[in-house]
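Some notes on the structure that comes next.
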Amino acid sequence: MDKLTIRDADVAGKRVLVRVDFNVPLADGKVQDDSRIRASIPTIVALVQAGAKVILASHLGRPNGKVTDSLRLRPVGQRLTELLRRNVPVTGDALGIGTEDALKRMRPGEIVLLENLRFHPEEEANDPGFAATLASYADIYVNDAFGTAHRAHASTVGIAKHLPAYAGLLMERELTMLSRLLESPERPFAAILGGAKVSGKIDVIDNLLTKVDLLVLGGGMANTFLLAQGKTIGKSLAEPDRVEDARRILATAEKNKVRVVLPVDVIVAKEVTRGTEYKTLLAEKIPASWHIVDLGKQSQELMVEALSNVKTVFWNGPLGVFEIPSFAHGTNAVARMLADRAEHGATVVIGGGDSVAAITRQGLASKMTHISTGGGASLEFLEGRELPGVQVLLDREPAQAKTPARKQATKKASTKPSTAKTSTSAKASKSATTAKPTKPAAKSATTAKPTKPSAKATPTKPAKTSAKTSASRK
Ligand code: ADP
Ligand code: MG
């Protein structure tokens with residue numbers, strides 16, 4: 001990865017503000033799914049063990065700039081306290097004298113969680129004053145909130161103007177896994193796209209069409225492709241204004257020799273509700289009063305067969321209305337198949353809140369190679385765009401060959417962590433859940449000091465290079 005990570009930072013005794021993504025589902029004041037909280041633990045533990053004062057900052061839900069009691073981070077703080085077995089107090093507000101005092105009293109190894117950043121409209125507005133205040137709390141900034149990295153907010157972008165900015169271990173893992181898809185996928189490489197709408201996914205399909213060997217389409221979005229093929233789809237969800245895009249995508253796929261698999265038969269329902277009447281029909285002429293809600297058996301078999309030898313898979317979007325168990329069969333069949341592929345060594349990466357929920361519900365999440373914590377962010381990344389929250393992080397010095405006769409000290413410092421990283425990279429965040437992380441963090445603390453000035457001297461170049469890389473692949 002071409003960004004510096006916390007392994008490159010000297011954090012001992014420093015105040016480190018970590019932007020995490022604790023945007024988790026809550027019900028009755030309890031965290032319903034703590035996977036995002038768990039995913040942040042390797043970074044938190046590594047910082048704590050390296051002797052940092054850890055200030056966590058996150059948003060939760062959409063309070064639209066107003067204090068909203070149901071969106072307070074207290075339940076998250078409680079869950080984190082349980083997971084870390086270490087008290088994590090939540091401040092009453094992200095701003096204010098009380099918060100400043102609490103932060104001043106922090107000692108190395110302590111953790112404080114700031115109250116929901118989005119209680120302040122300045123957060124989403126990327127207000128410079130708000131960013132400066134957040135920055136004043138810390139000496140070092142860490143972004144571990146991959147799921148929010150596609151948003152240019154005060155805590156993801158503005159703050160990095162003021163502080164040396166490093167990637168957290170989760171951010172590193174996400175970027176490593178997703179760039180592997182774009183840069184060096186083992187073939188055959190398949191993308192499976194489903195979900196409700198095609199409109200948000202056209203750019204990602206366009207970019208993936210230059211990379212994949214196989215494109216499997218299902219869910220509501222496939223309906224627009226069926227329309228493009230002149231089929232009738234009854235009352236099914238579709239976007240007639242995207243039919244032209246669908247046609248163009250099918251033509252590009254043919255030109256690029258990408259095999260496209262669309263549903264051949266479907267489950268249709270009278271209503272998109274539990275307990276409604278449903279049956280299987282060929283995906284040709286759906287009568288006017290029916291909705292397509294899932295793949296039929298033949299489609300499932302066709303897709304499972306098409307995917308049977310893939311070595312790399314990216315999946316976003318359920319292949320039916322999986323929230324209703326009778327319409328989850330297509331999604332479940334493909335998930336089982338992918339879990340099996342992953343167990344046989346294929347790289348299976350899944351992104352998207354609902355897709356992940358569907359897989360988690362089946363108990364298959366741990367079998368996959370990587371479950372992205374970012375839905376929108378993973379799609380934007382795979383569109384070939386550099387995410388604003390990633391762009392602002394410090395760049396690793398380019399490889400020695402590219403920087404002849406640069407400052408010796410700088411070069412040494414920046415090559416070390418990168419060598420260390422190649423051997424650990426994807427696994428690093430996993431091992432960090434155990435007690436290991438102290439070592440890399442502590443080690444880099446002694447070696448990586450000169451990165452700060454060096455990184456400042458270089459930021460534009462590598463950033464441009466990587467932007468170009470992705471653009472040129474289009
Ligand atoms: P993700 O969150 O994984 O990115 P999306 O949000 O794009 O996925 O899509 C998920 C939604 O798509 C689910 O709520 C699911 O019910 C819906 N969906 C899937 N297939 C259909 C369909 N045939 N008709 C209507 N909605 C569908
Ligand atoms: Mg969704």
Can you work out which of the residues in the stretch 307-339 that are surrounded by fewer than 18 Cβ atoms within 10 Å (Cβ to Cβ) and assigned to a loop (DSSP other than H, G, I, E, B) is farthest from ligand 2 (Cβ to nearest atom)?
ASN309
Criterion first (closer than 30 Å to LEU163 by Cβ, outside any helix (DSSP H, G or I), at pLDDT 95 or above and not charged (D, E, K, R)) does GLY384 satisfy it?
yes
Go through ALA154, ALA160, ALA191 for me and flag whichever is away from ligand 1 (no atom under 16 Å from the Cβ) and out of contact with any Pro (no Cβ under 9 Å at 6 or more places or on another chain).
ALA160
Of all the residues that make up the stretch 213-223, how many are in a loop (DSSP other than H, G, I, E, B) and surrounded by fewer than 24 Cβ atoms within 10 Å (Cβ to Cβ)?
1
Would you mind finding the one in THR210, THR176, THR133 that is farther than 19 Å from ILE292 by Cβ, in a loop (DSSP other than H, G, I, E, B) and polar (S, T, N, Q)?
THR210
Residues (within 18 Å of the chain's Cα centre (by Cα) and assigned to a loop (DSSP other than H, G, I, E, B)) located in the stretch 5-27
VAL20, ASP21, PHE22, ASN23, VAL24, PRO25
Within the stretch 352-375, tally of residues that are within 14 Å of ligand 1 (Cβ to nearest atom), at pLDDT 95 or above and either under 10 Å from the mean Cα position of the chain (by Cα) or in a strand (DSSP E or B) (or both)
2
Cβ pairs under 7 Å, 6+ apart or interchain, first in the stretch 346-361 and near ligand 2 (Cβ under 9 Å from one of its atoms), second among the polar types (S, T, N, Q), ordered by first then second residue, are GLY352/ASN316; SER355/ASN316
Regarding THR176, is this residue open to solvent by 60 Å² or more (accessible area, probe 1.4 Å), among the polar types (S, T, N, Q) and at pLDDT 95 or above?
no
Failed condition for SER199, given (1) without any contact (Cβ under 8 Å) to a residue 60 or more places away in the chain; (2) within 16 Å of ligand 2 (Cβ to nearest atom); (3) surrounded by 24 or more Cβ atoms within 10 Å (Cβ to Cβ)
(3)
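Criterion first (over 25 Å from SER299 (Cα atoms), out of contact with any strand residue (DSSP E or B) (no Cβ under 7 Å at 6 or more places or on another chain), away from ligand 1 (no atom under 16 Å from the Cβ) and not hydrophobic (A, V, I, L, M, F, W, C)) does GLU174 satisfy it?
no
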Taking the stretch 350-385 on its own, how many of its residues are open to solvent by less than 30 Å² (accessible area, probe 1.4 Å) and closer than 27 Å to THR156 by Cα?
16
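The values are calculated or read from the model by the stated rules, or taken from the named source; none is laboratory data. Not measured: the values here are computed from a predicted model. Note: ideal-geometry Cβ built from the backbone for every residue, glycine included; neighbour counts use all protein chains shown. What goes into the accessible areas is simple: the full protein's heavy atoms, side chains included, and nothing from ligands, DNA or RNA. Shrake-Rupley method; radii C 1.70, N 1.55, O 1.52, S 1.80 Å.
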